[in-house]
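The values are calculated or read from the model by the stated rules, or taken from the named source; none is laboratory data. Since we're looking at a predicted model, the values are computed, not measured. FYI the Cβ positions are ideal-geometry reconstructions off the backbone, even for glycines, and counts take in every protein chain you see. When the accessible area is computed, the model is the full protein with side chains, heavy atoms only, and any ligands, DNA or RNA have been set aside. Shrake-Rupley method; radii C 1.70, N 1.55, O 1.52, S 1.80 Å.
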Amino acid sequence: MKIDILSLFPDMFSGPMHESIVGKAIEDHLLDIDVTNFRDYSSNKHNNVDDYPYGGGAGMLLQPQPIFDAMAAIDEKNQQLPKGRVIILDPGGKPFNQKMAENFASESHLTFICGHYEGYDERIKTLATDEVSLGDYVLTGGELAAMVMIDATVRLLPGVLGNEESAPGDSFSTGLLEYPQYSRPADFRGMQVPEVLLNGNHQLIAQWRRKQALKRTLQKRPDLLDKIKLDRKDFELLEEIKLEFSDDTDD
């Protein structure tokens with residue numbers, strides 16, 4: 001995968017994007033990241049990339065010219081690649097989620113445009129295929145949001161994770177929160193690993209994990225249960241869980 005990033009602060013990506021899973025993907029030539037400072041494409045003598053908004057208002061807007069010219073240069077450099085998705089980081093965009101990360105991971109080329117100041121000249125958004133928000137809050141720029149989205153996307157690429165079963169079992173990949181997990185020792189300061197995980201019966205383990213994922217989701221994110229397709233067994237497990245909750249309350 002090739003990822004291009006347009007940012008006024010390219011040094012922000014020099015460290016985090018070369019560590020951990022993303023850094024390993026770069027080392028293994030599964031990922032190529034190129035960061036472009038679109039200030040380099042400013043056509044005015046002061047290298048400004050922002051100006052006051054027409055009609056007045058607080059703050060400064062990013063001007064279209066530097067970003068359009070930077071995008072043209074990126075397109076020229078990547079002629080051998082498909083255009084791919086162009087993602088503008090914007091508080092008004094669609095909220096980022098696991099499904100979006102999966103869609104991004106299916107592309108061979110992504111471009112992230114990181115905003116700054118008060119916002120974008122609206123014409124810049126004509127360059128984008130996607131307007132995406134990290135959440136219902138405002139950051140000083142799109143760089144941190146881009147890093148989060150890149151990390152969530154890259155770990156889904158084939159060969160990036162050491163265990164190919166890791167990503168499909170992640171929270172939100174199945175629509176549910178992930179079940180509890182344990183490692184050695186089996187007894188740590190009186191806190192014991194559930195017996196079912198120690199008996200080697202993979203069918204029982206799978207059933208336990210599904211029930212625990214449903215239980216954790218019901219406890220922490222019940223809204224997710226309305227968004228996924230549950231089978232008859234899932235509904236039976238949910239009824240068991242609700243009865244257990246009721247028994248705990250009665251106690």
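Roll a 1.4 angstrom probe over the protein heavy atoms and tell me the percent of accessible area of segment 96-251 that is carbon or sulfur. Can you show the working numbers first?
Working: 4680 of 9600 Å².
Looking at segment 96-251 in its full context, I get 49 percent from C and S.
Where Lys and Arg each count +1 and Asp and Glu each count -1, what net charge lies around Asn78 among other residues with Cβ under 14 Å from its Cβ?
For residues surrounding Asn78, the net value is -2.
Within 10 Å, count the other beta carbons around each residue, average over each peptide in 224-234, 133-143, 83-93, and list them highest first.
83-93, 133-143, 224-234
Where a ≥ b ≥ c are the square roots of the eigenvalues of the C-alpha gyration tensor, would you call segment 37-150 rounded, which needs a/c under 1.5, or, failing that, prolate if a/b is larger than b/c, or oblate? Before the final figure, lay out each step's value.
Details: a/c = 2.28, a/b = 1.22, b/c = 1.86.
Verdict is oblate for segment 37-150.
Tell me which chymotrypsin sites (Phe, Trp or Tyr not before Pro) from segment 6-82 have a DSSP coil assignment and no more than 13 other beta carbons within 10 Å of their own.
Loop-located and lightly packed - Tyr54.
Can you tell me, using C-alpha contacts under 8 Å and at least 6 residues apart, the relative contact order of the chain as a whole percent?
18 percent.
So which of Lys94/Lys229; Lys2/Lys94; Lys99/Lys233; Lys94/Lys233 end up more than 27 Å apart, counting from Cα to Cα? Walk me through the numbers before you get to the answer.
Values: Lys94/Lys229 22 Å; Lys2/Lys94 23 Å; Lys99/Lys233 24 Å; Lys94/Lys233 33 Å.
Beyond 27 Å: Lys94/Lys233.
Pull up the DSSP beta bridges for the chain and report the antiparallel fraction as a percent, rounded to 5.
20
Starting from the Cα gyration tensor of segment 1-88, take the square roots of the eigenvalues, sort them a ≥ b ≥ c, and report rounded, prolate or oblate (rounded when a/c is under 1.5, otherwise prolate if a/b is larger than b/c, else oblate).
Here segment 1-88 falls in the prolate category.
Can you list the aspartates and glutamates whose alpha carbon is less than 16 Å from that of Lys215, not counting same-chain residues fewer than 8 positions off?
Asp170, Glu178, Asp223, Asp226, Asp231, Asp234, Glu236, Glu239, Glu240, Glu244, Asp247, Asp248
Could you order Lys211, Lys77 by accessible surface area, starting with the largest, using a probe radius of 1.4 Å?
Lys77, Lys211
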